[in-house]
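Data first, discussion second: the structure below is written as structure tokens.
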Amino acid sequence: MAHNGLDAFKENHESKVIDASRKLRVAIIGCGWIAESHMVSYLKQPDVEIVAACDLIPGKAKAFMSRFGLDNIPTDYPSHKEMLDDKSLKLDAVSVCTYNRQHAIPTIYALNKGVNVLLEKPFTVTLEEAVDVMKAEKKSGKVLSIGFQPRLDANMKMIKKIVESGELGKIYYIQTGGGRRRGIPTPFGTSFIDDKTAGLGALADIGCYSLDMCLNAIGYPKPLTVSGYKSDFFGKDPNYPGYGSHHEYADIFSVDDFAAAFIRLEGDIIVDFRISWAMNMDTAGDTLILGTKGGLKIPSTECWNGSVGGPMKIYHDVCGQQTETVVPIINDLKHDESLFDRKIRSFLDAVKNNTAAPVPTSQILYNQAILDGIRRSAEAGHEVEINIPKI
Ligand SMILES: NC(=O)c1ccc[n+]([C@@H]2O[C@H](COP(=O)([O-])OP(=O)(O)OC[C@H]3O[C@@H](n4cnc5c(N)ncnc54)[C@H](O)[C@@H]3O)[C@@H](O)[C@H]2O)c1
């Protein structure tokens, strides 16, 4: 489009035209809490037809789809397997919205069936599972994207832009993490706190985001070693206030509610990490990215919501003078648009155009390797090496 005069300086915010004549046939695996957000965003897309859903709990998928007025789509499948075997559905894509322990199995099954997958975070529970998923992905040639919607926030993108601009120089130290004072997630039952369903606690649930915020910014260097710690003092307490009258949750709690680690990355970079669902402190601290020319402070953030905790600051020298440059908060979400909508749209675009996944497994593999390393190190009581198998 030709620009004239001052218009040349306007940013192009025109909406992309979506080809609604080619509809993608999408199904949902796992109809719990987060599936709701997937549905809300899919239903805003003019080129999506929701054609099926399944859940291990009989009747749950049907009741779920009824809430969206989709009473007549097939939902009567005992698990992901029977749904993915149903050739009549002619599926283009699925959202895998199952709890963590059921991330790898349905994803591998879907990829083997030639179906594109949007998989919720964390990638998997173990590094081995992530590797198995990536082998299936490679063999299938299909799109597999991992559900890290905070990446699509303008402020998160700014962190990456600042690092890539060279403004900070060589990055050598990162402090990241975050946390809640009392925030063990049990509003919809125990799937987050039971090892049988979750596999990892705060470490993976919100820790994966804190790591991604920084590692994505610095280009995901390979992790080498980790010394990790995890604890469960709050989760195992029957009188934990968040449980209300559900004192039995303390017996079910079998993951971590706090984790910390010291991680070495290729390129002589150190990551100092801590994450909490519950602790006796208001914040686990600001996120700091230290470089040889400048340092970036990201105020204590709920980065899992895709937000920075306030305007970021760059600490640098300007003409020999110690200077602090404030980076204003950016809000570029359009009316009625959410980061989740962006996550769904970017996945659909990759499927339609046969382009790379917006959040590629090649990066999130390193995120998973760190989570896995922290768990192993915490259980072993000493530092461990991170060895990533060839895929
Ligand atoms: N991106 C985000 O912002 C965000 C937010 C919350 C949760 N999550 C992630 O989403 C995932 C699900 O969380 P949730 O809170 O919706 O859990 P949930 O327990 O509410 O729902 C999961 C559902 O999956 C079903 N299920 C499990 N295995 C299945 C299988 N093989 N086939 C069919 N159904 C199966 C379960 O029966 C359950 O109904 C978790 O991994 C969580 O980390 C992401």
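How many residues does the range 40-59 hold that are within 16 Å of the ligand (Cβ to nearest atom) and in contact with a strand residue (DSSP E or B) (Cβ under 7 Å, 6 or more places away or on another chain)? Give the derivation first.
Step one: filter the range 40-59 for residues within 16 Å of the ligand (Cβ to nearest atom), giving 40-42, 50-59.
Then keep just the ones that are in contact with a strand residue (DSSP E or B) (Cβ under 7 Å, 6 or more places away or on another chain); that gives 42, 50-54.
Qualifying residue count for the region: 6.
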Checked the range 228-278 for anything without any contact (Cβ under 8 Å) to a residue 24 or more places away in the chain and of a type in the set (Lys, Arg); matches are Lys236
Residues in the range 101-119 that are crowded, with 23+ Cβ neighbours inside 10 Å and touching a residue at least 40 places away in the same chain (Cβ under 8 Å) total 4
For the range 184-222 the number of residues that are within 9 Å of the ligand (Cβ to nearest atom) and among the small types (Gly, Ala, Ser) is 4
For the range 117-160 the number of residues that are within 14 Å of the ligand (Cβ to nearest atom), small (Gly, Ala, Ser) and either farther than 19 Å from Val26 by Cβ or assigned to a strand (DSSP E or B) (or both) is 2
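Looking only at strands (runs of 3 or more DSSP E) that lie completely in the range 254-334, which have at least 3 residues being surrounded by fewer than 14 Cβ atoms within 10 Å (Cβ to Cβ)? Quick ask: steps written out before the conclusion?
Working: elements: 258-265, 269-276, 287-291, 294-298, 312-318, 321-327.
Once the strands (runs of 3 or more DSSP E) in the range 254-334 are filtered for at least 3 residues that are surrounded by fewer than 14 Cβ atoms within 10 Å (Cβ to Cβ), what remains is 321-327.
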Filter the range 125-166 for residues that are among the basic types (Lys, Arg) and touching a residue at least 12 places away in the same chain (Cβ under 8 Å); the one that is surrounded by the fewest Cβ atoms within 10 Å (Cβ to Cβ) is Lys139
Only one of (1) within 13 Å of the ligand (Cβ to nearest atom); (2) of a type in the set (Lys, Arg); (3) surrounded by fewer than 17 Cβ atoms within 10 Å (Cβ to Cβ) does not apply to Lys87, and that is (1)
Taking the range 200-220 and keeping only residues that are in contact (Cβ under 8 Å) with a residue 60 or more places away in the chain and assigned to a loop (DSSP other than H, G, I, E, B), one is left with Leu200, Gly201, Ile206, Ile218, Tyr220
In the range 220-253, residues that are surrounded by fewer than 21 Cβ atoms within 10 Å (Cβ to Cβ), touching a helix residue (DSSP H, G or I) at 6+ places or on another chain (Cβ under 8 Å) and within 30 Å of Thr361 (Cβ to Cβ) total 6
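Taking the criterion of being under 30 Å from Tyr209 (Cβ atoms) and of a type in the set (A, V, I, L, M, F, W, C), would at least one residue in the range 71-80 satisfy it? Reasoning before the result, please.
Let us first name the residues in the range 71-80 that are under 30 Å from Tyr209 (Cβ atoms), namely 79-80.
Applying the additional criterion that residues be of a type in the set (A, V, I, L, M, F, W, C) yields none.
Within the range 71-80, none of the residues are under 30 Å from Tyr209 (Cβ atoms) and of a type in the set (A, V, I, L, M, F, W, C).
Quick note: the coordinates plus some simple rules give every number you see, no bench work behind them. Just so we're clear, the structure is a prediction, and the values are computed from it rather than from any experiment. Ideal geometry is used to build each Cβ from the backbone, glycine not excepted, and the neighbour counts take in all protein chains shown.
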